[in-house]
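The values are calculated or read from the model by the stated rules, or taken from the named source; none is laboratory data. Note that the structure is predicted; figures quoted are calculated from it, not measured. Cβ coordinates were reconstructed from backbone atoms using ideal geometry, including for glycine residues, and neighbour counts include every protein chain displayed. Just so you know, the surface numbers come from the protein's heavy atoms only, side chains and all, with ligands and any DNA or RNA stripped out. Shrake-Rupley method; radii C 1.70, N 1.55, O 1.52, S 1.80 Å.
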Amino acid sequence: MSRPPFRANSHLALVADMFARDRGLQEPFHSNMFKAYWQEHRNIGDREVVLDVAEQSGLDTADLQAAIEDGRYEQELAAVYDECNSFGISGVPTFIIGRYMVVGAQPYEMLERALELAKQEETKAEV
């Protein structure tokens, strides 16, 4: 996993993820989308890339295009954005570990440190 040389707008990918969820194919789509961005450095803000990943994941791309065009998931996605903003989440991926938030592509050591700190705090609270 490495940071692509660009920053993509993930909105279309998130719409497609909701579409995949409703068709029982969220896991393969989600995994393929992460691979496309973080390993293959494809622009997941590009409709053709999103449709290609959807097709690889077994989704009907004509149905997905219709869902994008008719704005089927826009209200739900707006609510998710609002909820994320209320928690101070500003990027993906975001991991919340205890009271610690690790935002964006961070080294494994950052996750490990957050986990250690949260565990120490939990142990102190139990005493």
- helices (runs of 4 or more DSSP H) completely within region 42-99 that count 2 or more residues being closer than 21 Å to N32 by Cβ and over 14 Å from the mean Cα position of the chain (by Cα): 47-56, 61-70
- Criterion: open to solvent by 60 Å² or more (accessible area, probe 1.4 Å), in a helix (DSSP H, G or I) and farther than 30 Å from E122 by Cβ - qualifying residue of R21, R7: R21
- Look at V15 and say whether it is under 25 Å from T94 (Cβ atoms), at pLDDT 95 or above, assigned to a helix (DSSP H, G or I) and over 15 Å from the mean Cα position of the chain (by Cα). no
- Search region 103-127 for residues that are closer than 22 Å to N85 by Cα and pair each with any residue that is surrounded by 12 or more Cβ atoms within 10 Å (Cβ to Cβ) and hydroxyl-bearing (S, T, Y) when their beta-carbon atoms are under 7 Å apart and the residues are at least 6 apart or on different chains. V103/T94; A114/Y100
- Look through region 19-62, keep the residues that are among the aromatic types (F, W, Y) and at pLDDT below 95, and return whichever of them is nearest to E76 (Cα to Cα). F34
